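Worksheet: the structure to be examined is printed underneath.
The values are calculated or read from the model by the stated rules, or taken from the named source; none is laboratory data. This is a predicted model, so every value here is computed, not measured. Methodologically, a virtual Cβ is constructed for each residue, glycine included, from the backbone with ideal geometry; neighbour enumeration extends over all protein chains shown.
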Amino acid sequence: MMNLLTVWLVGTEGIPIPYSPRMDDAVAAILLGCFFLSAYVLSRSRKFLLQLVKDFLLHRERTSIFATSTAADMRYLLLLILQTCVLSGVFFFNYFNEVRPDLVTYVPPLWLLAIYIGICLAYLFLKWLVYSSLGWIFFDESRTSLWLESYSTLLYYLGLALFPLVLFIVYFDLDLQITLIIGLFLWLFAKILMLYKWIKLFCNNLYGYVLLILYFCALEIVPCIMLYEGMVKLNDFLIIKF
C-alpha cells in the first residue's frame, strides 16, 4: 500500500512524444506566411502571372518580360521565388524527418529547416549563374533572357503548386510513398516543360536534339541527384558533429 501511495505522489516517467512538424510553431508560422504571401501576390499580379504562362506555352518571340515589367511586378516575382525555396526546404525537412527520425534528436529542428532552405536558395542561385554564363557564351542575349524568364515562370508556379502539397504532407500525415510519388511527378513535369522550352529556343536540327538531351541531363538531372546525395551526406555529418 505504501509503495502504491509513493508512486501516486511521485509519479512515473512519461514516454516522450516524437517530434512532428505539425506540432512545430515555426513550421506553422512559415506556412501561414506563405499563404498570406501567395494571396497578396495573386491579388496584385494575377494578370501578369497569367501573361507569363501564355508567353511560356505559346513561345512568343518578344522583348524579355524583365525589361517590360514594373518594379512592383519584379518584387512580387522575387517573393514567389523565395517562397518556392522555402517550401522546398519544408518539403525536404518533412521527408528527412520521416526517413531519419533520429536526426532531430541531434540537431535542433529549426536549424535543420534553416539549413535546408539555405541549400535550396544556394542551389537556385548557382543554377541561375550557370544558365546566365552558358547562355551569354554560346547564345545571343535575347534568347538567354527569354530562357531565364521561362525558367523563372516555372519557379513561380512550382512554388504555388508546392504550397497545397506541403500542407497535406505536414498536417494530413500523407504516406511517405504517396509523398514521393507526388513530389517526383511535380519534378518530372517541371523538367518536361524545361526540355520543351529548350527545344523551342535552342534546337534547330536533329544533331542539335542529341546535344540538347546531353546538356539537359548534365544541367538538370545530374545536379538534382547531386543535391539529394549532398543532403544525405550533410545529415550524416550533422549527426556526427552534434
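Observations
- Residue list for the stretch 153-190, restricted to those being more than 23 Å from K127 (Cβ to Cβ) and assigned to a helix (DSSP H, G or I): P164, L167, F168, I169, V170, Y171, L176, Q177, I178, T179, I181
- Pairs are defined by a Cβ separation below 7 Å, a sequence spacing of at least 6 or placement on different chains, a first member in the stretch 122-135 that is over 17 Å from I81 (Cα atoms) and in contact (Cβ under 8 Å) with a residue 40 or more places away in the chain, and a second member that is assigned to a helix (DSSP H, G or I) and not aromatic (F, W, Y); the pairs so defined are V130/L219.
- Flag for L201 being surrounded by 12 or more Cβ atoms within 10 Å (Cβ to Cβ) and modelled with pLDDT of 85 or more: no
- From L113, L103, L126, residue being over 19 Å from A161 (Cα atoms), among the aliphatic types (A, V, I, L, M), more than 13 Å from the chain's Cα centre (by Cα) and modelled with pLDDT of 90 or more: L126
- Only a single criterion out of (1) within 18 Å of L87 (Cα to Cα); (2) more than 14 Å from the chain's Cα centre (by Cα) is not satisfied by M194, namely (1).
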